[in-house]
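The values are calculated or read from the model by the stated rules, or taken from the named source; none is laboratory data. A quick note: this is a predicted structure, and the numbers were derived from the prediction, not measured. Virtual Cβ from ideal backbone geometry, glycine too; neighbours counted across all protein chains shown.
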Amino acid sequence: MRRLARPLLYGGTVFIVVGLGRYHAQFVGHYYFHSAQRLPWNFAFAGVLCLAAYGMGLPDLDRRRSAWGPALAAGVSGALAISVAQVALGSLLLPRFVVFSSLLVAVPWFAACVGIADIGRSRDEDRDRVVLVAGPDERAALEADITGDLERPAVLVASLPVEGTRTEDPRCKPLIEAVLRHRATVIVLDRDGTADETIVAQAARLHENGLRVRSMSTFYDEWLGKLPMSELERMSLMFDVGELHRVRYGHLKRACDVLAATAGLLLLVAVLPFVAVGNVVANRGPLIYRQPRVGRSSRTYEILKFRTMTPQTAVSEWTDLDDPRVTPWGRWLRRSHLDELPQVVNILRGDQSVVGPRPEQPGYVAELREKIPYYDLRHLVRPGLTGWAQVKYPYGASASDALEKLQYDFYYLRHQGFALDLRIIGRTLRSVMGRGGR
C-alpha cells in the first residue's frame, strides 16, 4: 500500500482538477469552445499541486506529524502559484471555481493518501524483520542506525553475537531458532559471521526456505542508503565512480550543471537587490562571503555565499546548528537557503556540481585525513550544492559527524548516476519547502 499511495496521490490530483474543469466547462460556464484552451491550464494546475505535495513531503510523512497541516499548505501554495502564473502571463483561462473547488477536494485527498502510506509503512516494517549476527561494535552501530531515516522500512527483532551463534553441534541451531522465534524475514551477517562455516550453513538452510540473507555492507546499502563505518576502508576501491568510469555520464552531468546554474544565475540576479537591502539594514558588512574549500582532485577553490555571520567570524571553527555568530538576517537566509544561491557561480566555473559531496574547508580536510585514511576518496568528484549526505543526515558540526556523513558520501560514489541525482534534488526540494532550514 505504501507504493500505491504516491500514484494514488498524483493520479487522483489530476483526476480531481481535470474532472472539475470539465464539469465547469459543461455545466457551469458552458464554455464548450474554450474547453480545449482551458485543458492545458487544468493539467498545469494539477502538476503544480503534485509538485507542492511532493515538496511538503506527501505522502511519506513521519507518522508522528499530522497530515492536515502539510496537506493544506500544499493545496494553498499550489493554488497561489497557479493564480500568480495566470496573472503574470495575462491568461485567466482557469476559472476560480476550478481552483477553489480543487483545493477543497485535494486537501482531504492528500491527507487520505498519507494515511494509506502510513498503513503500508507499518506493514513493511512488520514484513522486514531483521536478525543480526555481529560483533558488539557492529551490533551497537546497526541498532542506532536502524531507528533513523531508512530507505526501506525494517525492524531489528534480534541481535546475536558471533560466538553465541557459532556451533559444531548439529542439534544446536541458534540462528535458525532465533529466526523462527522472532518470525524474521531478513538475516544480516557481519564479516566474522560470513567467514564462519557453521553460521553460513544455518543461513543457507534458512535461505532455501525463502529468507533473505545479506552481508552488513549490502544491508546498509539497500535498507539504510549508506555504507557501514566498519566496511569503508575495505569497500573503498570495490565500485565504479560515475564521473571517473562512465565518461558519457560525466559529460552529460556537466552539461546539466551548466543549464541549471544558468537558470539559477537569473534567480540570483532577481533576488540580489532584496538581499542587499536586507544586508544593509540588518546585517551590516560584506554582502558576499568567500571561503576556501577543497574540490575535485583535492584542488582548493573559493566558495561564494551570501554572508550570514558577523564579519569578524573566524573561519577555522565548526559551525553549530544554532550558532550565536549567525545574525538574525543570516538566520533567515539560512532557513530559506538563499545564502547558498551565489554558488551557481561556482557551478558555472566548474568548481562544483549541483549534486555531490559537501565541500569542506582545507583545515578540516587535513584534520580528517589524519583520522580517516580513505577520506580523500570523496574528492574524486566535484563537490555539490546539495548531496546525499546533506539530505540523509542532519547538520553536522564535528569530526564525528563528518565520519558519519562519509558513509553517505561513499554510498553516493558507489551509486552515482542520474537516477540518484534526481532523487537527491527531489529530497532537497522537500527539505526546502517542508522542513525549513539546515
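Tabulated values for the structure
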{"item": "Hits in the range 170-207 - residues which are over 18 Å from residue 222 (Cβ atoms) and among the polar types (S, T, N, Q)", "result": "198, 202"}
{"item": "Residue 231 of a type in the set (D, E, K, R) and either at pLDDT below 85 or not assigned by TED's automatic domain parsing to the domain that holds residue 189 (or both)", "result": "yes"}
{"item": "Positions within the range 21-50 being modelled with pLDDT of 90 or more and hydrophobic (A, V, I, L, M, F, W, C), in sequence order", "result": "43, 44, 45, 46, 48, 49, 50"}
{"item": "Criterion (touching a helix residue (DSSP H, G or I) at 6+ places or on another chain (Cβ under 8 Å), surrounded by fewer than 23 Cβ atoms within 10 Å (Cβ to Cβ) and in a loop (DSSP other than H, G, I, E, B)) met by exactly one of 358, 369", "result": "358"}
{"item": "Scope the range 145-160; condition under 19 Å from residue 225 (Cβ atoms) and not in a helix (DSSP H, G or I); matching residues", "result": "146, 147, 148, 149, 150, 151, 152, 153, 154, 155, 156"}
{"item": "Residue tally, condition under 14 Å from the mean Cα position of the chain (by Cα) and within 12 Å of residue 219 (Cα to Cα), over the range 142-159", "result": "3"}
{"item": "Subset of the range 178-202 [in a helix (DSSP H, G or I) and more than 26 Å from residue 123 (Cβ to Cβ)]", "result": "191, 192, 193, 194, 195, 197, 198, 199, 200, 201, 202"}
{"item": "Some residue of the range 238-255 being of a type in the set (Phe, Trp, Tyr), outside any strand (DSSP E or B) and within 28 Å of residue 393 (Cβ to Cβ)", "result": "yes"}
{"item": "Condition broken by residue 246, with the remaining ones in (1) closer than 28 Å to residue 407 by Cβ; (2) modelled with pLDDT of 90 or more; (3) in contact with a Gly (Cβ under 9 Å, 6 or more places away or on another chain) satisfied", "result": "(2)"}
{"item": "Condition met for residue 230 (assigned to a helix (DSSP H, G or I), surrounded by 12 or more Cβ atoms within 10 Å (Cβ to Cβ) and polar (S, T, N, Q))", "result": "yes"}
{"item": "Residue identified as among the aliphatic types (A, V, I, L, M), part of a strand (DSSP E or B) and closer than 30 Å to residue 176 by Cβ among 132, 142", "result": "132"}
{"item": "Residue, surrounded by the fewest Cβ atoms within 10 Å (Cβ to Cβ), within the range 78-115, restricted to residues that are over 18 Å from residue 18 (Cβ atoms) and either in contact with a Phe, Trp or Tyr (Cβ under 7 Å, 6 or more places away or on another chain) or in contact (Cβ under 8 Å) with a residue 60 or more places away in the chain (or both)", "result": "111"}
